[in-house]
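The values are calculated or read from the model by the stated rules, or taken from the named source; none is laboratory data. If you're wondering where the values come from, they're calculated on a predicted model, not measured in any experiment. We place every Cβ from the backbone using ideal geometry, glycine too, and count neighbours over all the protein chains shown. The area values use the complete protein model at the heavy-atom level, side chains included, leaving out ligands, DNA and RNA. Shrake-Rupley method; radii C 1.70, N 1.55, O 1.52, S 1.80 Å.
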Amino acid sequence: MKAACFDGDADRLIYYKNAGTKPVVIDGDKQFTLLMLYVTNSLRQLELLDTVSHCLVNTAYANSQALKYIEDKGIFSVMVPTGVKNAHPVVQKYVIGANDEPNGHGTICVKWDQLDAALTGKEDKIEAKKLRAFLKMTNVYVGDAIANLLMIEAVLRDQDWSIDMFSEMY
């Protein structure tokens, strides 16, 4: 069984799964690693990996396992001091930029004009349609846990991943 919870103003999301008698927490680092793995793989399939700038911005509190997985999977990332005030300006430098914190706070920002220009001629490809639909769910305001939940569920469904596969990705 899986579950998700939001904090009081729904700007943080934490996933859980049952593992016998105790829950297993799926933190914000793992959530955004999944989301940016999806973005990176989509750009690779569309042969736009080197054309569309993209980045996952991590803070000093990032999980070391997440950082190793990100590096191993070729997800471009940048480390900044802790806090949205440090992360969000870096996110905005990329066509697709994401930032997260282990506490479940994070967002993805998209420069639609630049992404649409890069997708010119590829609009009818299923990968382009999926990428656009996925990114349309994001909320550029930092920390929309409901949007992040919908994006994660969309990726899990599209990739046919169970909650166990998600929690054990690294």
In debye to the nearest 20, the charge dipole size for the range 1-104, taken about the Cα centre with +1 at each Lys and Arg Cβ and -1 at each Asp and Glu Cβ, equals 220
Most packed first (mean Cβ within 10 Å per residue), the peptides 25-35, 130-140 order as 25-35, 130-140
For the chain, longest principal axis from Cα atoms; helix 145-159 axis from its Cα atoms; angle between them, nearest 10 degrees, is 80
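Express the accessible area of the chain per residue in Å², computed with a 1.4 Å probe while the remaining protein chains stay in the model.
50
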Cα-Cα longer than 26 Å, checked against K93/K130; K2/K129; K22/K130; K68/K122; K85/K111, kept in input order, equals K2/K129; K22/K130; K68/K122
So, over other residues within a Cβ distance under 15 Å of K125, counting Lys, Arg +1 and Asp, Glu -1, the net charge is -1
HN-Hα couplings for the range 164-169 via Karplus (6.51, -1.76, 1.60; θ = phi - 60°), in whole Hz with x for Gly/Pro, come out as 5, 4, 4, 5, 9, 4
Tilt, helix 28-45 to longest principal axis of the chain (alpha-carbon atoms), in degrees rounded to tens, equals 30
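If eta is 1.002 mPa s and T is 20 °C, what Stokes-Einstein diffusion coefficient results for the chain, Kirkwood Rh from Cα pairs, in µm²/s?
133
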Counting Lys and Arg as +1 and Asp and Glu as -1 over every other residue whose Cβ sits under 14 Å from the Cβ of M165, the net charge comes to -1
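Would you calculate, for the chain, the mean residue ellipticity at 222 nm contributed by helices, counting each DSSP H stretch of 4 or more residues as -39,500 (n - 2.57) and dividing by all residues, to the nearest 500? Please list the in-between numbers first.
Numbers: 7 runs with 73 residues, N = 170.
Taken over the chain, the calculation gives -13000 deg cm²/dmol.
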Sorted on mean Cβ neighbours within 10 Å (highest first), peptides 143-150, 71-78, 40-47, 116-123 come out as 143-150, 40-47, 71-78, 116-123
Under a 1.4 Å probe, counting only protein heavy atoms, C5 has an accessible area in Å², nearest 10, of 50
Mean Cβ-within-10 Å packing, highest first, puts peptides 161-168, 97-104 in the order 97-104, 161-168
Residues whose built amide H sits under 5 Å from the amide H of N139, excluding neighbours closer than 5 in sequence, are I108
Rounded to the nearest 10, the angle in degrees between the Cα long axis of helix 126-136 and the longest principal axis of the Cα atoms of the chain comes to 60
In whole angstrom, the spacing between the Cα centers of the range 54-102 and the range 111-170 equals 17
Percent of all alpha-carbon pairs of the range 8-52 at distances over 11 Å, whole number, is 73
So for the range 108-170, using the alpha carbon gyration tensor with a ≥ b ≥ c as root eigenvalues (a/c under 1.5 gives rounded; past that, a/b versus b/c decides prolate or oblate), I'd call it oblate
